[in-house]
Amino acid sequence: MLGEGIIKGLLETARNFVGSYVSKERLTTVQYPEERWEAPEASRTFPFLVYDGDEWLAGLRCTSCQICEKECPPKCIYIEKSADKKPDAVGKMQFYPTRFDIDISVCMSCQICVEVCPFDSIKMDRIFELSTDDRFEGLILDRQKLAKSNSYYHQIHPTEAAEVDAALASERAAAAAKAKAAAEAVAAKAAAAKAAAENAAPAGGGA
């Protein structure tokens with residue numbers, strides 16, 4: 001029927017308008033900032049850096065591989081890689097960023113940096129109240145301002161964070177098993193060489 005879509009739209013508008021007086025679920029606005037809606041888990045604003053443990057610099061997952069910097073469409077990420085390595089939260093020696101800045105005045109919240117990160121070190125935040133009267137330095141977040149704990153990540157994205165932790169734990173367990181197997185192989189080889197030497201010693205002495 002001609003105009004059926006328009007009629008349906010008007011009916012839905014009328015239903016929400018009348019229903020907003022009797023049902024909170026029909027309210028389409030809130031009295032911000034006194035009232036606030038809880039942002040859904042999948043919502044995103046700007047990136048932040050995840051760190052493990054209690055100390056942000058020691059626990060940063062970022063290894064300054066610079067993939068996110070290269071893949072960022074608006075080129076708002078700036079990274080400088082360290083010349084040395086430091087132990088990460090699990091004791092593995094890693095490179096780290098001596099500089100990691102994000103210009104949020106340029107960032108378009110596309111989440112590509114999150115998708116390409118191989119270390120699950122950069123994630124999307126839900127904080128949107130970042131206005132400032134300094135439109136230059138105030139909108140450039142350095143690594144310390146970007147660093148947020150894994151517990152914070154679990155707080156804003158619990159489902160995703162649990163999946164990431166499980167994947168990281170699996171990778172660490174596999175790496176530990178591989179290292180243990182390699183150590184056992186070296187020990188077995190050394191034991192076999194020692195046994196062979198001990199067996200050959202009497203024959204050599206008798207000759």
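The values are calculated or read from the model by the stated rules, or taken from the named source; none is laboratory data. All values reported here derive from a predicted model rather than from experimental measurement. Heads up, the Cβs are rebuilt from the backbone with ideal geometry, glycines too, and the neighbour counts pull from every protein chain shown.
Annotations
- Checked against (1) out of contact with any helix residue (DSSP H, G or I) (no Cβ under 7 Å at 6 or more places or on another chain); (2) modelled with pLDDT under 90; (3) assigned to a helix (DSSP H, G or I), L11 passes all but a single condition, namely (2).
- Residue that is farthest from R126 (Cα to Cα), among those in the stretch 46-81 that are touching a Gly at 6+ places or on another chain (Cβ under 8 Å) and either of a type in the set (A, V, I, L, M, F, W, C) or crowded, with 16+ Cβ neighbours inside 10 Å (or both): G59
- Number of residues in the stretch 20-62 that are β-branched (V, I, T) and over 20 Å from D142 (Cβ atoms) equals 4.
- Sub-8 Å Cβ pairs linking a first residue in the stretch 87-110 that is in contact (Cβ under 8 Å) with a residue 60 or more places away in the chain and under 30 Å from D133 (Cβ atoms) to a second residue that is in a strand (DSSP E or B) and aliphatic (A, V, I, L, M), at least 6 apart or interchain, are S109/M124, ordered by first then second residue.
- Selected residue (criterion: farthest from E55 (Cα to Cα)) from residues of the stretch 127-176 that are over 17 Å from the mean Cα position of the chain (by Cα) and in contact (Cβ under 8 Å) with a residue 24 or more places away in the chain: R135
- Put simply, of A166, A182 the only residue that is part of a helix (DSSP H, G or I), small (G, A, S), within 30 Å of F46 (Cβ to Cβ) and at pLDDT 85 or above is A166.
- Residue match in the stretch 1-21 (condition: among the aliphatic types (A, V, I, L, M), surrounded by 10 or more Cβ atoms within 10 Å (Cβ to Cβ) and in contact (Cβ under 8 Å) with a residue 24 or more places away in the chain): no
- R36 being part of a strand (DSSP E or B) and either surrounded by fewer than 13 Cβ atoms within 10 Å (Cβ to Cβ) or of a type outside the set (D, E, K, R) (or both): no
- The sole residue among R44, R61 that is among the basic types (K, R), under 25 Å from S170 (Cα atoms), within 16 Å of the chain's Cα centre (by Cα) and modelled with pLDDT of 90 or more is R61.
- Subset of the stretch 56-71 [small (G, A, S) and assigned to a loop (DSSP other than H, G, I, E, B)]: S64
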